[in-house]
Amino acid sequence: MPNLEDTTLSKYQVIKAIGSSNISTVYLGHDPFIDRPVAIKVANLCSDGTDANQEIYRKLFFNEAQTAGMLRHPNITSIFDAGVDNGNYYIVMEYVHGGGTLEQYCKVDNLLPLQSCVTVLFKTVSALSYAHKKGVIHRDIKPRNILMTHDLDVKLSDFGIASLPGSEDRELLKNAGSPLYMSPEQVLQHDITEQSDLFSMGVVMYELLTGKHPFEADNLEAIQHKILHSNPAPLADLRSDLPEVLQRIIDRALSRQTQKRYKTGLDMAGDLSLVFDFIETPRHEIGRQQKFNTLRAMDFFSSFTDTEVWELINAGIWQTVPADENIILEGEIDKSFYVIIDGDVVVS
């Protein structure tokens, strides 16, 4: 695979490589027409590969463009363009500022604060729930595929082996995935549903909270045996400060019996939203349940589901503004959306 740094790919300027795997290299690029940074993923198609292997790689590569391209969610990486230029297969996607992944926070010496952990998990599961409603099963949920911005916002990425509704490539995807994060159904090569992603999400949750992998072992066979037969160590054995409700969520997400596992991402997100009630809040702050009750009673939010209201509370900032104080002035750049809960605002 040639180094494409300091070249152009179609209309895009390629600046530098920022990541790589066996099947692709990701470059920081620039879109001169819209004047914005982009991430450009280029397939590593080796010239000495067989025609059959090349075709498999092409299908997997453009599966990501097709799948993620149909999803529009604030916590899913946006796809802008895809094509072939001079033999190079590429996908142009949203560049996530910060450049990190959730993997860096799955280490014992670099764990996130509990509230940040739960927020990250809630946003990721909400993004998964949205994808599932569109008929998309990710199939490769793991910390490396959850991008993190500098302010700890979440972008679910890498839909290369995702299963699309009506896909004809089920056999092609049968053995695809990351062994440490596979559900029992994937290990046994059974048909999978969205519940498989939720099992993988349970693995990520365990790792994010403890810095330990629940099914870690020395080889593939041992990993698969643990996934199929072993129960992870209780969270309390690794962290005594975690509320017990998190163990109940983990147990349900990691159930080997699908009838006992979360059926939808919405169910899991709903339970995660309740965890905030068990996290100590400074006394001067308005309680989360009070915030929920206030928003739930407003006509503006009447069409929102309970989970969507909780998501707004998790993502937003609750402010009290003194009388006669300016909130925003003409000419200022502000990306915020304001909702007046109580009181009056004058526009002049």
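The conditions of being hydroxyl-bearing (Ser, Thr, Tyr), modelled with pLDDT under 95 and open to solvent by 50 Å² or more (accessible area, probe 1.4 Å) are not met by SER230.
Scanning the stretch 10-27 for residues that are more than 12 Å from ALA39 (Cβ to Cβ) and either more than 20 Å from the chain's Cα centre (by Cα) or assigned to a loop (DSSP other than H, G, I, E, B) (or both) turns up SER10, LYS11, GLN13, SER21, ASN22, ILE23. Taking the conditions exactly as written (open to solvent by 10 Å² or more (accessible area, probe 1.4 Å) and modelled with pLDDT of 90 or more), does MET70 satisfy them or not? Here the answer is no, as MET70 does not meet what is asked. The combined condition, being over 12 Å from LEU198 (Cβ atoms), at pLDDT below 90, among the hydroxyl-bearing types (Ser, Thr, Tyr) and not in a loop (DSSP other than H, G, I, E, B), is not fulfilled by THR281. Does the stretch 193-216 include one or more residues that are open to solvent by 30 Å² or more (accessible area, probe 1.4 Å), assigned to a loop (DSSP other than H, G, I, E, B), at pLDDT below 95 and touching a Ser or Thr at 6+ places or on another chain (Cβ under 8 Å)? Among the residues of the stretch 193-216, at least one is open to solvent by 30 Å² or more (accessible area, probe 1.4 Å), assigned to a loop (DSSP other than H, G, I, E, B), at pLDDT below 95 and touching a Ser or Thr at 6+ places or on another chain (Cβ under 8 Å), which makes the answer yes. Among the residues of the stretch 114-130, just one is among the aromatic types (Phe, Trp, Tyr) and surrounded by 22 or more Cβ atoms within 10 Å (Cβ to Cβ), namely PHE122.
Scanning the stretch 131-147 for residues that are open to solvent by less than 30 Å² (accessible area, probe 1.4 Å) and touching a helix residue (DSSP H, G or I) at 6+ places or on another chain (Cβ under 6 Å), we see that the one that is farthest from SER178 (Cα to Cα) is HIS132.
A quick yes/no check of all residues on (1) assigned to a helix (DSSP H, G or I); (2) more than 24 Å from the chain's Cα centre (by Cα):
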{"site": "GLU221", "(1), (2)": "yes, yes"}
{"site": "ILE227", "(1), (2)": "yes, no"}
{"site": "ASP241", "(1), (2)": "no, yes"}
{"site": "ARG252", "(1), (2)": "yes, no"}
{"site": "ARG256", "(1), (2)": "no, no"}
{"site": "ARG261", "(1), (2)": "no, no"}
{"site": "ASP267", "(1), (2)": "yes, no"}
{"site": "LEU272", "(1), (2)": "yes, no"}
{"site": "VAL275", "(1), (2)": "yes, no"}
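The residue pairs whose first member lies in the stretch 307-330 and is in a loop (DSSP other than H, G, I, E, B), whose second member is of a type in the set (Phe, Trp, Tyr), and whose beta carbons are closer than 8 Å, counting only pairs six or more residues apart or on different chains, are ILE327/TYR338.
If I ask for residues that are over 18 Å from ARG58 (Cβ atoms) and touching a residue at least 24 places away in the same chain (Cβ under 8 Å), which ones from the stretch 5-19 would you list? Talk me through it step by step, then tell me what you get.
Just the residues of the stretch 5-19 that are over 18 Å from ARG58 (Cβ atoms), to begin with: 5-8, 11-19.
Hits for the stretch 5-19 are TYR12, VAL14, ILE18.
The values are calculated or read from the model by the stated rules, or taken from the named source; none is laboratory data. A quick note: this is a predicted structure, and the numbers were derived from the prediction, not measured. When we count neighbours, we look across all protein chains shown, and the Cβ atoms used for this are built from the backbone with ideal geometry, even at glycine. Just the protein is used for accessible areas: all its heavy atoms, side chains included, with ligands, DNA and RNA removed. Shrake-Rupley method; radii C 1.70, N 1.55, O 1.52, S 1.80 Å.
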